[in-house]
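Encoded as structure tokens, the structure appears first; notes follow it.
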Amino acid sequence: MTTDSAASQAYSAAAPTRAEVDMLAGATVLEFGTGWCGYCKAAQPLIGAALEAHPEVRHLKIEDGPGRPLGRSFRVKLWPTLIFLRDGVEVARVVRPAEAQEVTQGLRALA
């Protein structure tokens, strides 16, 4: 995954169910946010840079907001929130990253 593709990928309005997420095999990063969120836009280059070195990690950008059950099930309060999952289990979380290093630390937790 390149930095450009991660940064330009839109948040998906269609989210998997929590049961589907819990059954995901391997390493996954769930990124909760919205396309109009200034924090989300500012974080895209650093999220993309960190993910670029880990093409084996599944990255799902999920649009979040009131009444969105997946975000509520993870108790997401601020955007962007990145949830790092190994076989459907949360191993790390980064909220409003300001540096790529924060995302990289979350990715290390997946190893």
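The values are calculated or read from the model by the stated rules, or taken from the named source; none is laboratory data. For clarity, every value in this text was computed on a predicted model and none was experimentally measured. Glycine also receives a Cβ, built like all others from the backbone with ideal geometry; neighbour counts cover every protein chain displayed.
The table below lists the values:
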| item | result |
| --- | --- |
| Single residue of ALA15, ALA92, ALA49 found to be aliphatic (A, V, I, L, M), in a strand (DSSP E or B) and touching a helix residue (DSSP H, G or I) at 6+ places or on another chain (Cβ under 7 Å) | ALA92 |
| Test: residue in the stretch 55-69 that is farther than 19 Å from GLY26 by Cβ and assigned to a strand (DSSP E or B) | yes |
| Conditions (1) buried (at least 17 other Cβ atoms within 10 Å of the Cβ); (2) closer than 25 Å to ALA111 by Cβ; (3) not hydrophobic (A, V, I, L, M, F, W, C): number failed by TYR11 | (2) |
| Answer residue from the stretch 60-75, given it is out of contact with any Gly (no Cβ under 9 Å at 6 or more places or on another chain) and in contact (Cβ under 8 Å) with a residue 24 or more places away in the chain and is farthest from VAL21 (Cα to Cα) among those | ARG68 |
| Matching entry among LEU82, LEU107 (being assigned to a strand (DSSP E or B) and touching a residue at least 40 places away in the same chain (Cβ under 8 Å)) | LEU82 |
| Matching residues, the stretch 71-85, being touching a strand residue (DSSP E or B) at 6+ places or on another chain (Cβ under 6 Å), closer than 24 Å to ALA25 by Cβ and surrounded by fewer than 21 Cβ atoms within 10 Å (Cβ to Cβ) | PHE74 |
| Residues of the stretch 17-32 classified as under 22 Å from ALA53 (Cα atoms), surrounded by 17 or more Cβ atoms within 10 Å (Cβ to Cβ) and not aromatic (Phe, Trp, Tyr), total | 6 |
| Residue pairs meeting the criteria (Cβ under 6 Å; at least 6 apart or on separate chains; first at pLDDT 95 or above, in the stretch 1-30; second exposed (fewer than 12 other Cβ atoms within 10 Å of the Cβ) and of a type outside the set (A, V, I, L, M)) | TYR11/GLY35 |
| Cβ-Cβ under 6 Å pairs, at least 6 apart or on other chains, the stretch 33-57 side closer than 16 Å to VAL94 by Cα, far side basic (Lys, Arg) | TYR39/ARG96 |
